[in-house]
Structures are given as C-alpha cells and as structure tokens.
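Here the structure comes first, spelled out in structure tokens, and everything after it is commentary.
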Amino acid sequence: MRRSFAGLATLLVLAVVAQFFLAASGAFDTAPNEESFQPHRMLGAGILLLTVLVTIVAAIARMPGRLIGLSGLVAGLAVVQFVIAAIAKAFDGTAGELVFGLHALNGLAIMTVASMIVRQAGQLSRPAAPARQAP
C-alpha cells in the first residue's frame, strides 16, 4: 500500500508540472481566455480530486501522521487555488491581476509540498536493507 501511495504522490507531482505547462500555454494562446485556459481549469479539478485520493490512501496505508498532514495540506492548497481565481475575477484591472498572482505562488507551494511528499514516501516505501553480519 505504501508503494501505491508513493506512486499516486508521483502522479500528483507530474500533474502539477503539466498544470504549469497548461497555464503557460494558455497565457500565450491567441484564443479568448475562457477557451485558452479551459485545459488548465479541467486539470486543476482533476488535481483537486487526486489530492483527496492521495490523502485517503496515505491514511489507509498508515503513513506517518506528518505525511498524511502534508497530503491534506496539498488538498487544502488546491481548494485555495479555486478561491483565489474566484476572488481575482471579482476585481477588475490591476487589483484582479495582483490577486491572481497569488494563484501562481500558491501553485509553487503545491509543487513544493507535493515534492516533499514524494521524497518521503519513496524513502518509506523502499524495503529496509538487511543487517550485515560480522564475519
């Protein structure tokens, strides 16, 4: 089960990398914003579901409490992404753009915490090395 958790956490990191790619692609697309950022929004919803799944699997796999908490933190940060986007849309002009800048910073926080999870999960999912016996 720990390997499943490590695999899901790795998938999460790959999805976040793809999310950054889709955000950059949408920013430089000539189509209207609603159309150009649609793949970014869709993957964002998928990432939110994946973060909840990662948290549930962490608990089922009886991972250390810190890893379960970090997984829940990523899920919370994913929810904050949608809140930031909604608040930014409520403002016009520069104020909305400044608020929306928090969306990118929060995305970096998601990437950082998800990477920490992958590293720690990888260490925990490896079998322990057998003890060496003295000759």
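Here, each number is a calculation from the coordinates, and none is a lab measurement. Model, not experiment: these values are computed from the prediction. All Cβ positions, even for glycine, are placed from backbone atoms using ideal geometry, and neighbour counts span all protein chains on display.
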Difference of contour (0.36 nm per residue) and Cα-Cα distance, residue 102 to residue 10: 30.7 nm
³J(HN,Hα) computed for each position of the range 110-116 - Karplus, 6.51 cos²θ - 1.76 cosθ + 1.60, integer Hz, glycine/proline x: 4, 4, 5, 5, 4, 5, 4
Potential extension, residue 66-residue 94 segment - 0.36 nm per residue separation minus Cα distance: 6.2 nm
HN-Hα J in Hz across the range 75-91 - Karplus 6.51, -1.76, 1.60, θ = phi - 60°, x for Gly and Pro: 4, x, 5, 5, 5, 4, 4, 5, 5, 4, 4, 5, 5, 4, 5, 6, 9
Principal axis box of the chain, alpha-carbon based, largest edge first, Å: 73, 26, 22
Charge dipole magnitude, Cβ of K and R +1, D and E -1 - the chain, Cα centre, debye nearest 20: 1060
